[in-house]
There are 2 protein chains.
Amino acid sequence: MKKYTIKDIAKLAGVSKGTVDRVIHKRGKVSQAALEKVTKLLEEIDYQPNLIARSLKNTKNYHICVIQPNPEIDPYWQPCIDGVNDAINEYKSFGITIDSYFFNHADTDSFFKVNEEVLKQLPDAVLITPVFHKESIEVIKKYNANNVIVSTINDPLELNGITNYVGQDLIQSGRIAARLMEMIVPRNRDILIVHLDEVFNNSIHMQLKEKGFKNYLKHISNSNYKLKTYSLQQADLDEKLHDLLNKPNAISGIFVTTSKVYSVAKIVENFPDLNIKIIGYDLLDENIKYLKKGAIDFLINQNPKHQAYLCITQLAEYFLFDKKIPKQKLLPIDIVNSENFDGYTNN
Amino acid sequence: MKKYTIKDIAKLAGVSKGTVDRVIHKRGKVSQAALEKVTKLLEEIDYQPNLIARSLKNTKNYHICVIQPNPEIDPYWQPCIDGVNDAINEYKSFGITIDSYFFNHADTDSFFKVNEEVLKQLPDAVLITPVFHKESIEVIKKYNANNVIVSTINDPLELNGITNYVGQDLIQSGRIAARLMEMIVPRNRDILIVHLDEVFNNSIHMQLKEKGFKNYLKHISNSNYKLKTYSLQQADLDEKLHDLLNKPNAISGIFVTTSKVYSVAKIVENFPDLNIKIIGYDLLDENIKYLKKGAIDFLINQNPKHQAYLCITQLAEYFLFDKKIPKQKLLPIDIVNSENFDGYTNN
DNA sequence: ACAAAAAATGTGTTCGAACACATTGATGTT
DNA sequence: AACATCAATGTGTTCGAACACATTTTTTGT
């Protein structure tokens, strides 16, 4: 199982390593005879270039900028930083530098400002978390014009300018929630779908989850759930939810399409007799607290940490080892309950 | 953000690269003055050696042998091969060769024979799937005596001779099943725990799962489930299960601790009125078929493919880049239903 | 047939770390 | 003073691929 080098092949073919190199890289300037001889040999021994030697030659330092919402404003984004940090540690000695930039996810201006700053630096790639739908499309165009590779996570923009998207199938995500709900909420009951955020949010992921949720329940026979949808900001939640829970024909299940499910659980906790089942998103500490108590029944893990990590990893492997980047990478959608959350938080 | 090389540091410290090298590798033969100057400089600029250059120098070809049950006899083991193949593709151009060896998981002799063959080759590392508990301990001792690194997956042997174990917390795995069962089976009902395999199996993972399952149910108040445990080989299943299902006070939930859950579902299917909930293990095609139909309610994914892949990856990164191997790596325990299995099978 | 142009082929250097080997300088011994 | 000893330091080569540059061979035009 010898490892063949260019030199070995040159000797075997009776030519110089320069010629072998020209054949491998299709640089031309090679006679038909030499071309055939070397090509045949390369195939025969299944030549695999030593990627370590190859990338050693390439001494360039690659620069990746990460642009994401400030986790101090919304803690949901903290795992992204952790994922990025893991990637930094893994690749810093390979000549890849990564800088993070934060914007306020309630303020499109800050988003534009940060992107301008990044664009000035002309990094090799940017990783954008597109919470602002149409604004993101705008800035991505600018990056494309400047040959900056654009990667996105979390929210599929369906855009040509994006090199790779790492995320989840959000419609399917909604279907999963519906299937779980079906298993734990008796038929004919009322189920609430709640879109909940601190601020107005023009990203579409909540709508896609709702679509999947309804879609699943529509196609099972005799389900007869009564569905109601509310789009709320956190400030309004308390009043609205109390209204609903105090009505006579109360609800039996709540599907919260965001990571803010803990604030729903906090209120519902006070109505233990209603035996309301709650399903929501993401492994925030606050969510896990209620999951352990049994106030939240299931959490669906969007795995932002792994999304960010994987995205950076793909870029790094592309720069360093010429590895192809898949246009889209859909991560598994983890179902989390009070017993298995540990495996997802400690990774 | 310049990347400093040994040469840079030599120049800055006013010494030769040889001296810097001696400091970095603590080879001695360096004056106190030079040592201090270089050490200080290294810290100041947080010197990170270029791992690519370092490993280029190391031209050794590492050899890893994988020893696992023959997937043609038990298809559960096919994903391991897929995981290993992924790893092969990823590392073949880095000077890592991997050979697979299969044994019959019903025949300890074949296990010994294969291990003998592997030992003769003196590979750098072996990846063993220890389905035979005490036999595995025996062969691992031999590998240790010959300085062959031993990695294991799937079944924690709690043994000193093992360099790394990649797997899951099996007790917790049982608890997860119990938590799910609790959510979908009404209280006071009968629940069956079934250990099911084609052959007699002396590995302990089934016992650990049972322990976790019982442990969880014991500690919830008023659960009052009646638990019964059966250890069966597939040949005896049909008769035994029919017996049980035809009794008056029939069971409402079945927890199968192995991947053979499909053969339970196949029988239970014929008793739709009993509305029996089934939870089992692993994403075999046959299991997913029943999961989709609703005959199986949940599958717990042990992710053998990722276990194998990760194990090889860790070894490779250790050989190539001196990366530390964690003694134990516990993978998350995935809860799979009819809607999210796709994300786990297509990876 | 011969020079010039073009094509084919060969040679040598580089990347950064590792290490074998060579050189320097200080100290001690006779 | 001459020489051996030994610690400290410096130099040069290697790993495999990539590519610039040098050299040889072939083709073309007159």
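Using alpha carbons only, how many degrees (0 to 90, rounded to 10) separate the axis of helix B:108-121 from the longest principal axis of chain B?
10 degrees
Compare B:Ala106, B:Ala145, B:Ala53 in a GNM of chain B, Cα atoms joined below 10 Å, and give the one with the largest fluctuation.
Result: B:Ala53 has the largest fluctuation of those listed.
Mind listing the long-range amide H neighbours of B:Val126? Cut-off is under 5 Å, sequence gap 5 or more, other chains count too, H placed in the peptide plane at 1.01 Å from N.
For B:Val126, the qualifying residues are B:Cys65, B:Ile149, B:Val150, B:Ser151.
At A:Asn61, label 7 Å along Cα→Cβ: distances to the other copies, nm, ascending?
Reported distances to equivalent positions: 3.7 nm.
List, largest first, the extents of the alpha carbons of the range A:170-301 along their principal axes, each in whole Å.
Reported extents, whole Å, longest axis first: 36, 34, 26.
Where the centroid of each part is defined by its Cα atoms, how far is the range B:136-182 from the range B:198-268 in Å?
Cα centroid of the range B:136-182 versus Cα centroid of the range B:198-268: 23 Å apart.
Amide H neighbours of B:His105 under 5 Å, at least 5 residues apart or on other chains, H built in the peptide plane: list them.
Distant-sequence amide H within range of B:His105: B:Asn70.
With 10 angstrom as the radius, rank B:Val114, A:Val261, B:Val150 by how many other C-beta atoms surround their C-beta, starting from the fewest.
Least to most surrounded, the residues fall as B:Val114, B:Val150, A:Val261.
Can you put B:Glu43, B:Glu286 in order, fewest other beta carbons within 10 Å first? Please list the in-between numbers first.
On the way: B:Glu43 9, B:Glu286 17.
With the fewest neighbours first, B:Glu43, B:Glu286 line up as B:Glu43, B:Glu286.
Go through the range A:72-82 residue by residue and turn each phi into a ³J(HN,Hα) via Karplus (6.51, -1.76, 1.60, θ = phi - 60°); whole Hz please, and just put x for glycine and proline.
6, 8, 10, x, 3, 8, 4, x, 4, 4, 4
If I fit a long axis through the Cα atoms of helix B:234-246 and take the longest principal axis of the Cα atoms of chain B, what angle between them do I get, 0 to 90°, rounded to 10?
Long axis of B:234-246 versus the principal axis of chain B: about 40 degrees.
Which ³J(HN,Hα) values in Hz, rounded to whole numbers, follow from the phi angles of the range A:308-319 under the Karplus curve 6.51 cos²θ - 1.76 cosθ + 1.60, where θ = phi - 60° and Gly and Pro get x?
Working through the residues one at a time gives 5, 4, 5, 4, 5, 4, 4, 5, 4, 5, 5, 5 Hz.
Tell me which GluC sites (Glu not before Pro) from the range B:123-188 have a DSSP coil assignment and no more than 12 other beta carbons within 10 Å of their own.
Details: sites: B:Glu135, B:Glu138, B:Glu158, B:Glu182; in loops: B:Glu158.
Here the sparse-neighbourhood loop sites are B:Glu158.
Looking at chain B as a GNM with Cα springs under 10 Å, which of B:Ser221, B:Ser100, B:Ser263 has the largest mean-square fluctuation?
Sorting by GNM fluctuation, first place goes to B:Ser221.
Got the relative contact order for the range A:55-125 handy, in percent, Cα pairs under 8 Å and 6 or more residues apart?
After rounding, I find 46 percent.
Taking each residue in A:59-71, count the Cβ atoms of any other chain within 10 Å of its Cβ, then average. What number comes out?
For this peptide, the per-residue mean of nearby foreign Cβ atoms is 1.
Given H placed 1.01 Å from N in the peptide plane, which residues other than close sequence neighbours of A:Asp334 have an amide H under 5 Å from its amide H?
Result for A:Asp334 returns A:Asn301.
By counting other Cβ atoms within 10 Å of each Cβ, how are B:His133, B:His195 ranked from fewest to most? Can you show the working numbers first?
Details: B:His133 14, B:His195 20.
Ranking B:His133, B:His195 by Cβ neighbours within 10 Å, fewest first, gives B:His133, B:His195.
Using the Cα gyration tensor of the range B:6-47, with a ≥ b ≥ c the square roots of its eigenvalues, what is the shape: rounded (a/c below 1.5), prolate (a/b larger than b/c) or oblate (neither)?
Rounded is the answer for the range B:6-47, as its axis ratio a/c remains below 1.5.
Once both axes come from the Cα atoms, what is the angle between helix A:170-184 and the longest principal axis of chain A, in degrees from 0 to 90, rounded to 10?
Between helix and principal axis, roughly 40 degrees.
Please compute, for peptide A:177-185, the average count of beta-carbon atoms on other protein chains lying within 10 Å of each residue's beta-carbon.
Per residue, the average neighbour count from other chains is 3.
Among DSSP beta bridges lying fully in the range B:170-301, give the percent that are antiparallel, nearest 5.
0 percent
Other chains' Cβ within 10 Å of A:328-338 residues: what's the mean?
On the way: counts 0, 1, 4, 2, 13, 6, 9, 8, 4, 7, 4.
Average neighbour count from other chains, rounded to a whole number: 5.
What residue in chain A has the Cβ closest to the axis turning A into B, and how close is it in whole Å?
Closest Cβ to the A-to-B rotation axis, residue and whole-Å distance: A:Ile335, 2.
Show me, bin by bin at 10 Å from 0, the whole-percent P(r) of the protein assembly as shown based on Cα pairs.
Distribution as computed: 3, 13, 20, 22, 20, 13, 6, 2, 0, 0 percent.
I need to check one value: relative contact order of the range B:6-47, counting alpha carbon pairs closer than 8 Å and at least 6 residues apart, in percent.
37 percent
Each value in this text was obtained by applying a stated rule to the coordinates, not by laboratory testing. Every value quoted in this text rests on a predicted model; they were computed, and no experiment measured them. Please note: Cβ atoms are built from the backbone with ideal geometry, for glycine as well, and neighbour counts cover all protein chains shown.
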